[in-house]
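The values are calculated or read from the model by the stated rules, or taken from the named source; none is laboratory data. These numbers were taken from a predicted model, which means no experiment stands behind them. Please note: Cβ atoms are built from the backbone with ideal geometry, for glycine as well, and neighbour counts cover all protein chains shown.
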Amino acid sequence: MIGVAAVGCSKTSNGGSPPSGSAAPSVIPHTVDSRLATTTPRGATATPILPTPTATATPTEIPPTPTAAPPAAGQVLYRSDWSSGFDGWSAGSKAWKVLNRQLLNDGTGEVYGVSECDMLAPADLRLSPDYAVDADLTVIRWSPGRVDTFVGIVARFVDNNGYLFGFDGNRAGIAAPSYSDIQFLSDFAAVPYEIESGTALNIRAEVQANQFRLLLDGRVLCQGLDNHILTAGRIGLICSATQISVSSVVISAL
């Protein structure tokens, strides 16, 4: 180990003090390098000092958002409840009213096409473009002699267009979006049919892929194929120049 070196004082031959007048010897300090203060014993291997490793952030994996499964066939997607008013239905005409848990139309409205549908349900059908709509209603007053007489269901209603299922003065039929005016039911699918005042009906509209069916009281009246609108859209009711009372609307998956 390196120490502090000191220069000794010369003594006289007789061991006395240095001659008078001689300068006293000085002590010369020696600076010790702190890096050399610790030494490795001879024969030992020095352990290298390694840099402290920098922590690396581990990315957090975000689990994928689960995709909602489409509803099973037969599952009820919506059921009407008019116990406290329109229950979210868009009543765009004063002809529509609610009384005793039923949806009424007083027959004063005149509708000439599906674009004028003014009673749309609040149902969210985005996960089920294939569905059936059942409407239980009673025709209170029917006017078969008028060209604007109509009652029915609108399905896959998108951008003021959709499919029309129902009855005009003397026919039952389906109108596709390309010609969904109520006076052109026969251009898609229609059959002769007469409705009388006071008749209770179960009207069922089915949309599945590009297939469409109109049923009355469980019996298929007409059906057809069309490729215009394949998304779910919305559903609604149309009533023109006819008084009706609707007790229930149920939408179920197909």
Report summary line: Reported set for the range 125-151 where residues are over 16 Å from G162 (Cα atoms), among the acidic types (D, E) and within 34 Å of the chain's Cα centre (by Cα) is D134, D136
Requested in this report: Answer yes if at least one residue in the range 53-61 is under 27 Å from A189 (Cβ atoms) and either in a loop (DSSP other than H, G, I, E, B) or at pLDDT 85 or above (or both), and no otherwise.
Outcome: no
Report summary line: Residue hits (the range 187-198; outside any loop (DSSP other than H, G, I, E, B), under 38 Å from the mean Cα position of the chain (by Cα) and more than 14 Å from F150 (Cα to Cα)) are D187, A189
Query raised in the report: Counting only residues that are in contact with a Lys or Arg (Cβ under 9 Å, 6 or more places away or on another chain), modelled with pLDDT of 95 or more, of a type in the set (S, T, Y) and more than 13 Å from A121 (Cβ to Cβ), how many does the range 232-251 have?
Result: 1
Report task. Kindly indicate whether any position in the range 131-144 is assigned to a loop (DSSP other than H, G, I, E, B) and in contact with a Phe, Trp or Tyr (Cβ under 7 Å, 6 or more places away or on another chain). Result -> no
Report task. Mind listing just one residue for me: the one in the range 199-228 that is assigned to a loop (DSSP other than H, G, I, E, B) and at pLDDT 95 or above and, of those, farthest from S143 (Cα to Cα)? Result -> A209
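Residues to consider are S115, S83; find the one that is out of contact with any strand residue (DSSP E or B) (no Cβ under 8 Å at 6 or more places or on another chain) and small (G, A, S). Steps first, please.
Working: S115 fails: out of contact with any strand residue (DSSP E or B) (no Cβ under 8 Å at 6 or more places or on another chain).
Step by step, each of S115, S83 is checked, and only S83 is out of contact with any strand residue (DSSP E or B) (no Cβ under 8 Å at 6 or more places or on another chain) and small (G, A, S).
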Requested in this report: Looking at (1) in contact with a helix residue (DSSP H, G or I) (Cβ under 8 Å, 6 or more places away or on another chain); (2) modelled with pLDDT of 90 or more; (3) surrounded by 15 or more Cβ atoms within 10 Å (Cβ to Cβ), find the lone condition where V151 falls short.
Outcome: (1)
Report task. Among residues belonging to the range 88-127 that are of a type in the set (A, V, I, L, M, F, W, C) and in a loop (DSSP other than H, G, I, E, B), point out the one that is farthest from V207 (Cα to Cα). Result -> A95
**Report entry** Hey, L214 surrounded by 19 or more Cβ atoms within 10 Å (Cβ to Cβ), touching a strand residue (DSSP E or B) at 6+ places or on another chain (Cβ under 7 Å), at negative phi and touching a residue at least 12 places away in the same chain (Cβ under 8 Å) or not
**Finding:** yes
Query - In the range 106-124, residue surrounded by the fewest Cβ atoms within 10 Å (Cβ to Cβ) [restricted to those that are at pLDDT below 85 and small (G, A, S)] - result: S115
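Given the structure, is S143 touching a Pro at 6+ places or on another chain (Cβ under 7 Å) and small (G, A, S)? Break it down into steps so the answer makes sense when it comes.
Details: touching a Pro at 6+ places or on another chain (Cβ under 7 Å): no; small (G, A, S): yes.
No, not satisfied.
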